[in-house]
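Shown next, in structure tokens, is the structure this report addresses.
The values are calculated or read from the model by the stated rules, or taken from the named source; none is laboratory data. Values in this document were obtained by computation on a predicted structure and should not be read as measured data. Protein only, heavy atoms only, side chains kept; ligands, DNA and RNA dropped before computing areas. Shrake-Rupley method; radii C 1.70, N 1.55, O 1.52, S 1.80 Å.
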Amino acid sequence: MTTLWFNEGYSSIRDAVLMIREARGENLRVLASHRDALAPVLEAADASFVEPPIARTDASAITAYGDYCLNVCAERGVDLFIVQRGRAAMASRAAEFAAIGTRLATTGTAETLALISDKARFYEVALAAGIAMPWTREVTDAAGFDAACAEIEARGLKACVKPPHGVFGSGFWQLVDDLPLFETLMNADAHCIAPAVIREAIAAAPDPLRLLVLEHLPGTEWSFDCLCRDGRLVVGVARRKLGRAQRLETDGPLFAMARRAVSAFGLSGLINLQFKAAHLDHDNDIRLLEINPRMSGGCLYTRYSGVNLPWWQVALELGLADEADMPVPVGGALVAAVGEAQQLEGAAILPVHADA
């Protein structure tokens, strides 16, 4: 029996586990773990367990978590460890996992993963590789912020800000001149704020401070899910964002950009890239926003192109199939999420009507 393990990750890992289980043969067992005993991924796997509450913020804790993962792989006979949390730390200990017979699936080396997670460094390397990027400056104080905003304005562009680290758009704000703070507070989901508010926050922030000021791109957005191996794009499916729905695409100019980005950073595995067009009226000027070295939350939708990306990652990693066996994805499907409530435990409670 071949065993693979997903450690604690984002909620989308439940989708990956289910997609793998529906496509696998009889001799593959899927393990999943999480610190939260009610995490949905735990009920989706063949077997699951709760991870210990090890903090993952300082060097000693990171080492302790790595030791824990090594013990899990050894004790449970894990053949393939698809790392979610702690990718860089696990990648730096790949030889230790290999020594116990566990194949480690990370999307890059520890150095590469650290580079990608720092959006300022990522921007510089991507730009040097010839990849179209939004105009970006890193600032560390109010004077630098003012200078960056002035330069963007001189170029006839709109500005936005975001931190050099973070996920799910945390810390992103579009700068809108003279926008009342009350309006920002009453409509935080719009992510619009006056430059003066950001400037005041920078001036009051403790050192050291790092913030990115960049060109705001108002055009079409794509989320690009793909499998890659050793810096080569194997297969990809783009999701064009259309409000609540998304249109699947399997060709276009961003595919060439994705190949260049995957090659520049030497990436492997199941990853996600974010693209956006610089203009509202056409899609000819596309920029790479970021690379997420993990499965995206929307990867589930790409199954409607005819390719099960999580399963093919496993199949290729374990040598269960060759790239030549992969189906060719087909674009055109319009997809959207439909949420459902689920009961986790307890008896159902139905309302009692007086006329029953």
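Quick check: at a probe of 1.4 Å, how many percent of the accessible area of the chain sits on carbon and sulfur atoms? About 53 percent, which is the carbon plus sulfur part of the accessible surface. The angle between the Cα long axis of helix 309-318 and the longest principal axis of the Cα atoms of the chain comes to about 60 degrees, rounded to the nearest 10. Full extension of the chain between residue 192 and residue 37 gives 52.1 nm of extra length, using 0.36 nm per residue less the Cα-Cα distance. Residues considered: 123, 301, 68. Largest GNM mean-square fluctuation over the chain, using C-alpha springs under 10 Å, is found at 68. In whole Hz and in residue order, list the ³J(HN,Hα) couplings for the stretch 36-42 that follow from phi through the Karplus curve 6.51 cos²θ - 1.76 cosθ + 1.60, θ = phi - 60°; x for Gly and Pro. 3J(HN,Hα) across the stretch 36-42, in whole Hz: 8, 5, 9, 4, x, 5, 5. Using a probe of 1.4 angstrom and keeping all protein chains present, the accessible surface of the chain works out to 50 square angstrom per residue. Axis angle, to the nearest 10 degrees, between helix 13-23 and the longest C-alpha principal axis of the chain: 40 degrees. Overall, the anisotropy analysis places the stretch 225-301 in the oblate class: the square-rooted eigenvalues a ≥ b ≥ c of its C-alpha gyration tensor yield a/c not less than 1.5, with a/b not exceeding b/c. Looking at the chain, the DSSP beta bridges with both ends there are about 70 percent antiparallel. Scanning residues 5 or more positions from residue 8 or on other chains, those with amide H under 5 Å from its amide H are 33, 85, with H placed 1.01 Å from N in the peptide plane.
Helix 142-154 and the longest principal axis of the Cα set of the chain meet at an angle near 80°. If you take the Cα centroid of the stretch 161-196 and the Cα centroid of the stretch 198-213, the two points sit 14 Å apart. Amide hydrogen proximity for residue 333: with H placed 1.01 Å from N in the peptide plane, the residues at 5 or more positions away or on another chain lying under 5 Å are 248. Full extension of the segment from residue 185 to residue 281, taken as 0.36 nm per residue of separation minus the current Cα-Cα distance, would add 31.5 nm. Here the relative contact order of the stretch 54-109, from alpha carbon pairs under 8 Å that lie six or more residues apart, stands at 33 percent.
Applied to the stretch 85-100, the Karplus parametrisation 6.51 cos²θ - 1.76 cosθ + 1.60 on θ = phi - 60° returns per-residue 3J(HN,Hα) values of 6, x, 4, 5, 5, 5, 4, 6, 10, 4, 5, 5, 5, 4, 5, 9 Hz, with x for Gly and Pro. Only Cα pairs under 8 Å and 6+ residues apart enter the sum, and on that basis the relative contact order of the chain stands at 15 percent.
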